[in-house]
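Derivation of every value follows stated rules applied to the coordinates shown; laboratory data play no part. What you are looking at is a predicted structure, and each value in this text was computed from that prediction instead of being measured. FYI the Cβ positions are ideal-geometry reconstructions off the backbone, even for glycines, and counts take in every protein chain you see.
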Amino acid sequence: MFVFPVLLFSQTKNSKIIIPDNISIRLDKNKEHSLIVDINSFLQEKNNTLLESRLVSKENYTKYKFFFDELKFIENYDKVEDSTFYKPYLNNIVLQEENTYLITISFKGIDEGVVKEKAQFTFEVIDEERGFIFKCPFEFNTKDWTTTQKNEIAFLTKGKFNDSIADVFVQHNHSLADLFEISPYKIQYYKCKNLQEAYRLFGIDYHVDLVGSKRGCVTIPDYGIFVSGTDKEEYCHDLTHYYFGLQIDKNKRNWTAEEGYNINLTDYWGYSAEENYRLLRSFLEKSKATPLDIFEKNRIMWRPIPTKMPVAGIIMKKIEREFGMKAVLKIISCGNTNDDFFKAIENVAGISKKNFNEVVLKELYLE
């Protein structure tokens, strides 16, 4: 721990890779020099678009652009307004097969004597005649996974496959397609144990913003990629968002309405709609707060479940029952702010801030 901070302070303020003394690259000197030069070039170019860079595979960059975007300005530390705070360290380099390496780089800094790691990334790096090419390692990491095809869904797994649970996801895919009157999407569904494993497949081994995250998924809809962190062959909740994201312009998409509708259609944080509403009733009774208050302040009713979305779910349930699916879709596509949501529910269903509490409580206790 004494040596590491000294190393941090001794570096000049640039994006050159730092190679700790205990890291052995195990390449001949010329190849090692070329690799370090290209790593440093990549670090210098990563904040710009890499589409025309010789350092990336254009197909890989386009498909997994979000991975490369995570690297942009990764050195920034807002606390001290330092754009070079986190330094890149070479953690590992391992030959996988001929001319193919996995290279791991972490970004670390020191604040008031405490070493902080912001993120760690693993790249697939190909040694070509023109130089080293940096790739998101997703396809490399999943190349040996087992594929089970069910209708439009290709399920990719490493372990046991639960056929009946997969059927639930297939059925939800068809139900959502019917909702929008389109053909069901073709999807490659990757089953991961949790969100951390899902990100690691893409080469994001660690990111401080992901600490504590367990349930979630990573999707690339334009390529039909759905990487689920639920340890199940279904993630119906996020498949709903997948469809709405492809069908509704992001500037019109109201997440509050969509999430509320989705609670009734599937679940929320793994809890059924009925369980969410039971927790909501209990929270209201204990806190003596009003539905409007906990909607606007978005308090935690049962960690990690916030209050806003279950309240929205109650509203969306009433609207679907009384006005039908067209009204639901109208509200979900009303615009992306809270004001847009309130305007939409008032126009469609006559629900305003004045009668919001009365409407929500009446509907909630119908459960």
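Over 22 Å between C-alpha atoms is what I'm after, so list which of K191/K330; K250/K354; K46/K193; K29/K118; K308/K353 land there.
Working: K191/K330 33 Å; K250/K354 29 Å; K46/K193 30 Å; K29/K118 31 Å; K308/K353 14 Å.
Beyond 22 Å between Cα atoms: K191/K330; K250/K354; K46/K193; K29/K118.
Do the sum for the chain: with -39,500 (n - 2.57) for every DSSP H run of n ≥ 4, divided by all residues, what is the mean residue ellipticity at 222 nm, to the nearest 500 deg cm²/dmol?
-12500 deg cm²/dmol
Using all Cα-Cα distances in the chain, what percent lands in each 10 angstrom bin from 0 up to the longest?
5, 20, 24, 23, 17, 9, 2, 0
Per q in 0.14, 0.15, 0.21 Å⁻¹, report the Debye log10 I(q)/I(0) for the stretch 3-136, using one uniform scatterer on each alpha carbon and no solvent.
Taken in order of the listed q values, log10 I(q)/I(0) reads -0.64, -0.74, -1.36.
Using 14 Å as the cut-off for backbone N distance, which residues of the stretch 150-177 belong to the label zone defined by a point 7 Å from the Cα of D267 along Cα→Cβ?
Only 165-166, 168-169 fall inside the zone, counting backbone N under 14 Å.
Quick one: which of K288/K343; K150/K232; K63/K214; K326/K362; K63/K160; K58/K135 span more than 18 angstrom between C-alpha atoms? Each step should come with its number before you reach the end.
Numbers: K288/K343 27 Å; K150/K232 15 Å; K63/K214 25 Å; K326/K362 23 Å; K63/K160 28 Å; K58/K135 9 Å.
Over 18 Å Cα-Cα: K288/K343; K63/K214; K326/K362; K63/K160.
Under a crude label model (7 Å from the Cα following the beta-carbon direction), how far is D339 from N47 in nanometres?
Computed distance between label sites D339 and N47 equals 3.5 nm.
Using 0.36 nm per residue of separation minus the Cα-Cα distance, give me the extension gain between S213 and F180 in nm, one decimal.
Roughly 8.7 nm would be gained on extension.
Explain nothing, just the number: relative contact order of the chain, from Cα pairs under 8 Å at least 6 residues apart, as a whole percent.
10 percent.
If one takes the longest principal axis of the Cα atoms in the chain, at what angle in degrees, from 0 to 90 and to the nearest 10, does the Cα axis of helix 308-323 lie?
Tilt of helix 308-323: around 50 degrees.
Which order do the peptides 212-222, 130-140 come out in when sorted by mean C-beta neighbours inside 10 angstrom, highest first?
130-140, 212-222
I'd like to know how the stretch 255-364 sits against the 2.2 N^0.38 Å rule of thumb: what's its Cα Rg over that expected value? Intermediate results must be reported in sequence, preceding the final value.
Numbers: Rg = 12.7 Å, N = 110, 2.2 N^0.38 = 13.1 Å.
It is 0.96.
Find how much the distance from N355 to K31 grows on full extension, using 0.36 nm per residue of separation minus their present alpha carbon separation; answer in nm with one decimal.
109.5 nm
Scale the Cα Rg of the stretch 107-234 by the rule-of-thumb value 2.2 N^0.38 Å and send over the ratio, two decimals.
Working it through for the stretch 107-234, the quotient is 1.28.
Taking loop as defined by DSSP and a crowding limit of 11 other beta carbons within 10 Å, which chymotrypsin sites (Phe, Trp or Tyr not before Pro) in the stretch 307-367 fit?
Y365
Highest mean first, how do 267-275, 81-89 rank when packing is the count of other Cβ atoms within 10 Å averaged over residues?
Final packing ranking: 81-89, 267-275.
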